[in-house]
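The values are calculated or read from the model by the stated rules, or taken from the named source; none is laboratory data. Note that the structure is a prediction, hence the values are computed from the model and not measured. In this analysis, Cβ positions are derived from the backbone assuming ideal geometry, glycine residues included, and neighbour counts consider all displayed protein chains. Accessible surface is based on the protein model in full, side chains and every heavy atom, while ligands, DNA and RNA are left aside. Shrake-Rupley method; radii C 1.70, N 1.55, O 1.52, S 1.80 Å.
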Amino acid sequence: MEKLIYIFESEPIVMEGICSWLSSRKDFTIRGKASSVEEAIELINYANIEEGERAVAIVGINFRKLGELKNENGMRILSAIKNSGLNIKSLVFTDLDRGSFVLKAISEKYGAAGFISKTAEKHILLEAIDSLMAGETYIQPYLQEQADEIKTIYKRFTRRERVVFDNIQSGLSNLDIAKKLGLSVRTIENHIAHIYNKAKVCARNELLLKIGTGGADV
């Protein structure tokens with residue numbers, strides 16, 4: 001069966017490298033590619049996948065601009081694919097290679113079926129594509145382990161600790177969280193201390209690096 005591929009990637013060198021490599025394999029057909037979120041969504045809106053055809057979209061979710069460390073606008077592409085109703089499976093291929101982003105990408109909101117790091121070997125990319133073409137999911141093993149650990153940590157949080165954590169992810173200070181929730185700063189500090197203990201971290205930046213995504217999708 002012909003394997004239809006879409007490639008949505010903001011870095012031209014990366015996109016052209018994937019296109020060239022996959023095009024050299026006779027069983028792959030590059031159906032479309034885009035280097036911006038807007039172009040990708042337009043391609044999805046006008047995509048035509050016939051009955052019986054299957055496609056995989058390789059999506060680089062970090063569509064950062066000059067000077068930015070990260071920009072998760074690529075998540076909009078995942079949403080567009082999920083809501084299109086087309087038989088296109090999303091394979092996240094990114095340098096935002098942390099378990100927290102795996103959980104965000106595969107959530108009900110975004111619906112990705114696969115997730116691998118940009119540092120992955122070529123055979124990993126092929127395995128992931130083949131798995132998605134077969135109707136299966138594929139998450140790179142070390143990222144699956146990270147995701148499982150985060151789910152375990154998050155389950156340990158009380159309802160109030162989850163609310164506090166979500167506000168930390170939104171960038172609010174302890175004072176801002178206290179005002180928003182109508183609690184004292186000392187109470188918020190106590191909740192955060194419990195969060196740190198359960199996540200086995202000592203500081204806010206460690207917490208966000210370990211289990212944060214910048215949004216409450218975990």
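Of all residue pairs spaced 6 or more apart or on separate chains, those with beta-carbon atoms under 9 Å, a first member in the range 75-100 that is in contact (Cβ under 8 Å) with a residue 60 or more places away in the chain and within 21 Å of M133 (Cβ to Cβ) and a second member that is among the polar types (S, T, N, Q) and open to solvent by less than 60 Å² (accessible area, probe 1.4 Å) are I77/S90; F93/S117. Scoring E42 on the criteria (1) open to solvent by 60 Å² or more (accessible area, probe 1.4 Å); (2) in a strand (DSSP E or B) leaves a single failure, condition (2). Looking only at the range 79-103, residues that are more than 9 Å from the chain's Cα centre (by Cα) and either open to solvent by 50 Å² or more (accessible area, probe 1.4 Å) or not small (G, A, S) (or both) come to 10 in all. Looking across the range 160-218, the residues that are more than 25 Å from Y110 (Cβ to Cβ), open to solvent by less than 60 Å² (accessible area, probe 1.4 Å), outside any helix (DSSP H, G or I) and of a type in the set (G, A, S) come down to S173, S184, A203. Candidates are the residues of the range 150-159 that are outside any loop (DSSP other than H, G, I, E, B) and not β-branched (V, I, T); the one that is least open to solvent (accessible area, probe 1.4 Å) is Y154. Restrict the check to the range 118-132 and report whether at least one residue is surrounded by fewer than 21 Cβ atoms within 10 Å (Cβ to Cβ) and within 13 Å of the chain's Cα centre (by Cα). Checking the range 118-132: at least one residue is surrounded by fewer than 21 Cβ atoms within 10 Å (Cβ to Cβ) and within 13 Å of the chain's Cα centre (by Cα).
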